[in-house]
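The values are calculated or read from the model by the stated rules, or taken from the named source; none is laboratory data. Please read all numbers here as calculations on a predicted model, not as lab measurements. Backbone-built Cβ (ideal geometry, glycine too); neighbour counts: all protein chains shown. To get the accessible areas, we keep the full protein, side chains included, count just its heavy atoms, and leave off ligands, DNA and RNA. Shrake-Rupley method; radii C 1.70, N 1.55, O 1.52, S 1.80 Å.
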Amino acid sequence: MRTMIPMCQPDIGAAERAAVNAVMRTPTLSIGPRIEAFERKVGAALGTRHAAGVSSGTAGLHLCLIAAGVREGDLVLTTPFSFVASANCALYVGARPVFVDVDPETLTIDAQAVADRARVLVRQGQPLRAILPVHVFGQPADMDPILDVASRHGLAVVEDACEAIGARYKGAPAGTLGDAGVFAFYPNKLMTTGEGGMIVTRHAAWDALVRSLRNQGRDVFDGWLQHSRLGYNYRLDELSAALGAVQFDRLDELLRKRERVAGWYAKRLARLDGVTLPQIAAWTTRVGWFVYVVRLAPGGERDLVIRELDRRGIPARPYFPPIHLQPFYRERFGFRPGDFPAAEAAGESCLALPFFGGMREAQVDLVCGALDEALAVVRAGSTLERAAG
Ligand SMILES: Cc1ncc(COP(=O)(O)O)c(C=O)c1O
C-alpha cells in the first residue's frame, strides 16, 4: 500500500504566493529591490552586517573560497561526511580537499582532529589556506577549536551552513562564526527559494568581492558591461528572493514545526531496539532540523530496511554516502574504504526518514510502525540466514 508520505515537502503559504505574484506584476525579475530586502533581513537578523544572495549553496561556497584567497594547489580541510558540494567547491578553485574524519556521535567534523591536522600541515609548510566545517543535518560543528587553530595560523574559515539555517552554536547563529557562512535554500531545506543560497560575512571586502563575482565580475559601481575580473552568473532572481524573504520572516515558526516533528520521532523511536537517535552535542543550543536521520546496525541492515520500508510505501534514504568514496573522488585521489572509518560507518548505517514541518503525528506513527516491522522482517531474515549457514 502506498502511503503518499513524501520524503520532504516545502512549507509554502499564501504570503509566499502573494509575494511571488507581486514580483510578476513588476518589470524587474532580476537585480532589483527584492534581493536587497532579503539580504538586509538576513544580515540584520543574524548580525553579520553583510549578506549576499546567490543562485545556490554550491555557488556560495565556490565564491567564499575565492574570497578566502584559496588558489590552485592550496589545501582545504573539510569533512568526508557531507553532500559532495562541500568538497567540490575546493576543486572548482584548483585546491585539494583534505578530509578529517567525523566525531562518531554527532557526525560533525572532529574539531580536535582538525586542529591537530592543521598544525601538522602548517609545520610541514603545506599550502593550507582554509577550513570548511559543515553543520551537517542542521547540527553545528564544534567551532571553537576550529576558530582557535585558524586564528593562530591565519587560515580562513568558511562554514558550510547549507543544512543549518536557524541552528545555534553556544547561542550564536551557525554560519556567523567564521569568516563567512553559506546557507542553501533548495526545496528540501528548512526554508526555500526554489534554488538559491545566501553568503553571510563580517568582512566588507569579502562581501564586495562575492557581489562582483556573482554578477559576471562587474564591480558594484561599474557601468554596464564593465567586467573587472572573471565572474559567474550566480545571481538570485527577484521571484526567488521575494519567496525567501517571506520564508525567512517565518524562520522561527518553520524551526518550531520541525522541532515538534523531531520530538514525535524521538519519543516513538526510543522504544525501538537497535535504532540510534540523532545525537545532539552539548555545544548545540538549537538544532536547525533539516533531516531526521537515525542509525541502524552497520553491515547492510540499513539497505534491507529501506527495501522493506519501500514495500510498505514509506520512502527512506541512505544519507550520506561519504564523499571520499564517491566514484569521482576514488578515481581522482585514490581514496579507499577504511580511510575515514567513522564517516564510513555513518554512511553505512544512517537512514533518513520522511521529514518536513507539515508532517502530522499520525504520519510519524505510520513511519515508525513501518520501521518497526521492517526491522523485524530484516532481523528475522538474518537469523534464518545464520541458522541455514
Ligand atoms: C552540506 C551541503 N553543502 C552544500 C550544499 C549545496 O547546496 P545547493 O544544492 O543549494 O547547491 C548542500 C545542499 O544540499 C548541502 O547539503
- prompt: Is at least one residue of region 16-27 open to solvent by 10 Å² or more (accessible area, probe 1.4 Å), out of contact with any strand residue (DSSP E or B) (no Cβ under 8 Å at 6 or more places or on another chain) and either in a strand (DSSP E or B) or within 16 Å of the ligand (Cβ to nearest atom) (or both)?
  reply: no
query: Of the residues in region 278-302, how many are at pLDDT 95 or above, more than 15 Å from the chain's Cα centre (by Cα), among the hydrophobic types (A, V, I, L, M, F, W, C) and open to solvent by 20 Å² or more (accessible area, probe 1.4 Å)?
result: 3
message: From the list 111, 87, 67, 95, exactly one residue is closer than 20 Å to residue 139 by Cβ and touching a Leu at 6+ places or on another chain (Cβ under 9 Å). Which is it?
response: 87
query: With 77, 63 as the choices, which residue is closer than 28 Å to residue 145 by Cβ and either part of a helix (DSSP H, G or I) or of a type in the set (Val, Ile, Thr) (or both)?
result: 63
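Here's the yes/no breakdown for (1) aliphatic (A, V, I, L, M); (2) without any contact (Cβ under 8 Å) to a residue 24 or more places away in the chain; (3) part of a strand (DSSP E or B):
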position: 83; (1), (2), (3): no, no, no
position: 117; (1), (2), (3): no, no, no
position: 120; (1), (2), (3): yes, yes, no
position: 151; (1), (2), (3): no, yes, no
position: 178; (1), (2), (3): no, no, no
Meets criteria (under 22 Å from residue 349 (Cα atoms) and either more than 16 Å from the ligand (Cβ to nearest atom) or open to solvent by 50 Å² or more (accessible area, probe 1.4 Å) (or both)) for residue 101: yes
message: Given the options 339, 365, name the one that is among the charged types (D, E, K, R), surrounded by fewer than 23 Cβ atoms within 10 Å (Cβ to Cβ) and not in a helix (DSSP H, G or I).
response: 339
query: Of the conditions (1) touching a helix residue (DSSP H, G or I) at 6+ places or on another chain (Cβ under 9 Å); (2) within 11 Å of the ligand (Cβ to nearest atom), residue 187 fails just one. Which one is it?
result: (1)
message: Just to check your reading of the model, which residue among 248, 320 is part of a loop (DSSP other than H, G, I, E, B), open to solvent by less than 30 Å² (accessible area, probe 1.4 Å) and not polar (S, T, N, Q)?
response: 320
query: Can you name the residue in region 233-245 that is assigned to a helix (DSSP H, G or I) and touching a Leu at 6+ places or on another chain (Cβ under 7 Å) and is also surrounded by the fewest Cβ atoms within 10 Å (Cβ to Cβ) among such residues?
result: 239
- line: The condition from (1) modelled with pLDDT under 95; (2) in contact with a helix residue (DSSP H, G or I) (Cβ under 9 Å, 6 or more places away or on another chain) that residue 98 misses is numbered (1)
- prompt: Would you call residue 198 within 16 Å of the ligand (Cβ to nearest atom) and part of a strand (DSSP E or B)?
  reply: yes
- request: Any chance you could count how many residues in region 140-159 are under 12 Å from the mean Cα position of the chain (by Cα) and open to solvent by 10 Å² or more (accessible area, probe 1.4 Å)?
  value: 0
